[in-house]
1. Being surrounded by fewer than 14 Cβ atoms within 10 Å (Cβ to Cβ), among the polar types (S, T, N, Q) and under 15 Å from Leu71 (Cβ atoms) is the filter here; which residues of segment 115-160 pass it?
2. Only one of (1) within 12 Å of the chain's Cα centre (by Cα); (2) modelled with pLDDT of 95 or more is not met by Val91, so which one is it?
3. How many of the residues in segment 98-143 are under 18 Å from Lys74 (Cα atoms) and acidic (Asp, Glu)?
4. I want to confirm something. Restricting to segment 135-160 and keeping residues that are among the hydrophobic types (A, V, I, L, M, F, W, C) and out of contact with any Ser or Thr (no Cβ under 8 Å at 6 or more places or on another chain), which single residue is farthest from Arg58 (Cα to Cα)?
5. Within the set of pairs 6 or more residues apart or between chains, which connect a residue that is within 15 Å of Met107 (Cα to Cα) inside segment 148-160 to a residue that is crowded, with 22+ Cβ neighbours inside 10 Å and among the polar types (S, T, N, Q) with Cβ atoms less than 8 Å apart?
6. Name, by its number, the condition in (1) open to solvent by 50 Å² or more (accessible area, probe 1.4 Å); (2) at pLDDT 90 or above; (3) not basic (Lys, Arg) that does not hold for Leu77.
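The values are calculated or read from the model by the stated rules, or taken from the named source; none is laboratory data. Just so you know, these numbers come straight off a predicted model, no measurement behind them. Using ideal geometry, Cβ is built from the backbone for each residue, glycine included, and neighbour counts are taken over all protein chains shown. Surface areas here come from the heavy atoms of the whole protein model, side chains and all, with no ligands, DNA or RNA. Shrake-Rupley method; radii C 1.70, N 1.55, O 1.52, S 1.80 Å.
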Amino acid sequence: MVGGLLAIALSQFWLNPPIKSTQNQSPPVVETEPKAPAPTQMPSQAIANPQPVSGGLRVKNQTPFPIRLVLLTKPTLSQSTATAPADQEPVHWDFAPEEGSDAGLIMSLPEGNLRLQPTDILVGFAVDGSRRYWGPYVVGETASPQKQPKSGEWQLTLQP
């Protein structure tokens with residue numbers, strides 16, 4: 001019943017969109033900026049085949065959904081409790097539908113390279129309201145992500 005009412009309300013909105021008044025509005029101001037020089041082209045091979053990072057994470061979103069991938073890490077034994085908070089903040093990355101679906105994208109952190117450790121947890125979920133999710137994946141314990149023997153990086157493929 002609620003879904004039907006929502007559909008009716010949305011159809012009324014699309015058929016009769018609200019009319020914006022143009023009275024008492026000044027024309028938009030257009031500012032021009034000096035043109036910057038065109039960026040130099042990088043070789044396409046460098047973009048298509050980025051160097052793998054040992055212990056890093058490559059993600060392939062092969063779904064038709066926009067996805068947020070969240071990583072929850074645990075402090076390592078080398079980190080003392082004084083330098084590492086007990087509740088570390090999770091990090092996340094957002095993917096457009098099918099972004100990185102072929103070669104994948106290498107994940108990184110603002111501070112530098114990302115290196116997954118055993119027992120790190122990855123969870124993906126659709127951010128379009130469809131309530132779809134992927135995971136949880138526990139690094140080294142679940143079937144995904146898989147460690148690639150040649151490169152040493154972890155690979156996670158999200159599929160519909």
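1. Listed by number, the residues that qualify are Gln117, Thr119, Thr142.
2. The one condition Val91 does not meet is (2).
3. Matching residues across segment 98-143 total 3.
4. Start the filter on segment 135-160 by keeping residues that are among the hydrophobic types (A, V, I, L, M, F, W, C), which leaves 138-139, 143, 154, 156, 158.
Restricting the remaining residues to those that are out of contact with any Ser or Thr (no Cβ under 8 Å at 6 or more places or on another chain) gives 143, 154.
Working: Ala143: 15, Trp154: 6 Å.
Only one residue fits best here, namely Ala143.
5. Listed pairs, sorted by first residue: Leu158/Asn61.
6. It fails just one condition, (2).
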